[in-house]
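The values are calculated or read from the model by the stated rules, or taken from the named source; none is laboratory data. Bear in mind the structure is a predicted one, so any value in this text is a computation, not a measurement. Positions of Cβ are backbone-derived with ideal geometry, glycine not excepted, and every protein chain shown enters the neighbour counts.
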Amino acid sequence: MSEKTIESIRDILDLMDPEVHENLKTAVELGKWPDGRRLTPEQLEYCLQAIIAYEQQYLPEEQRVGFIDRTGLKKTQCDDDKPADPQQSVPLTIMPEDGRRH
């Protein structure tokens with residue numbers, strides 16, 4: 001049986017399965033391989049890239065690393081698509097360090 005040459009992230013994704021994906025996530029979470037050796041910064045970077053690429057390809061958005069479920073959360077000004085009305089701005093009062101108004 002001949003070994004496949006890995007030339008791209010696509011080749012890596014073709015070799016990955018859910019078990020490999022979970023093992024990479026565990027290694028990143030713990031910062032070490034199952035045999036106890038610490039991940040190098042380069043290995044950490046490559047593992048994260050593989051995890052993100054695998055999840056982008058095979059998992060729905062809500063199952064991906066970093067997903068934030070915003071259903072039911074109160075909207076904030078930061079979430080609005082349109083800019084805030086400048087007429088509704090609240091004036092800022094700057095207090096001196098001693099806390100007294102002059």
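Annotations for the structure displayed:
- Region 19-35 residues that are in contact (Cβ under 8 Å) with a residue 12 or more places away in the chain and within 12 Å of ALA50 (Cβ to Cβ), paired with ones that are part of a helix (DSSP H, G or I) and basic (Lys, Arg) (beta carbon under 9 Å, 6 or more apart): none
- Tabulated pairs, region 54-83, first aromatic (Phe, Trp, Tyr), second modelled with pLDDT under 90 and surrounded by fewer than 10 Cβ atoms within 10 Å (Cβ to Cβ), C-beta under 8 angstrom, 6+ apart or interchain: none
- Members of region 9-43 that are within 14 Å of the chain's Cα centre (by Cα) and of a type outside the set (Asp, Glu): LYS25, VAL28
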